[in-house]
Amino acid sequence: MGTAISNMLGAGEGNESEHSGVTKLSSSAQWQLHFNGMKDSNQLLVIDFSASWCGPCKSFEPAVRHMAVKFTDVSFVKVDVDELPEVAKEFDVTAMPTFVLMKNGKEVDRIVGAKQDELENKVTKHRGGDSDDDHHQMVK
């Protein structure tokens, strides 16, 4: 029982989330817990919809992990469309990777495909602060 609760709260699967800044949500309970906790938050939530068999998803993972480490004020979560098809359907995900950006429980933007510059620009735009804009321009 303790393991189930730990898994639901994100431990158990934690080596990815602990080291990368990206939380992998593998169950409906984990998804609901995380999503409901973010509904009333002004914090930007980036949902990475991917699949284990998706080549572009795998090759783009390091870029997403880098952004999660860089933008510590943003919540990055990963949803495997085969593990949570109902969540993918709820967000009308038809291609991978798809990134849905949400604030206050509402979608504010979406990127379909492994487009690093576009994702980083939209995260910077929606995260609520422009303090990294100068740094971002130098990184490009």
Peptides 42-54, 24-36: what's the order by average Cβ count within 10 Å, highest mean first?
42-54, 24-36
How much net charge surrounds S75 when only other residues with a Cβ under 13 Å from its Cβ are counted (Lys, Arg +1; Asp, Glu -1)?
+3
Peptides 75-88, 109-122: what's the order by average Cβ count within 10 Å, highest mean first?
75-88, 109-122
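Given a 1.4 Å probe, how much area per residue of region 50-114 is accessible, in Å²?
Normalised by residue count, the accessible surface of region 50-114 is 46 Å².
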What's the local net charge at A114, with K and R +1, D and E -1, over the other residues with C-beta under 15 Å away?
+1
Computed over the Cα atoms, what is the radius of gyration of region 16-75 divided by 2.2 N^0.38 Å, N being its residue count?
1.16
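The values are calculated or read from the model by the stated rules, or taken from the named source; none is laboratory data. Owing to the predicted nature of the structure, the values given are computational and were not obtained by experimental measurement. We place every Cβ from the backbone using ideal geometry, glycine too, and count neighbours over all the protein chains shown. What goes into the accessible areas is simple: the full protein's heavy atoms, side chains included, and nothing from ligands, DNA or RNA. Shrake-Rupley method; radii C 1.70, N 1.55, O 1.52, S 1.80 Å.
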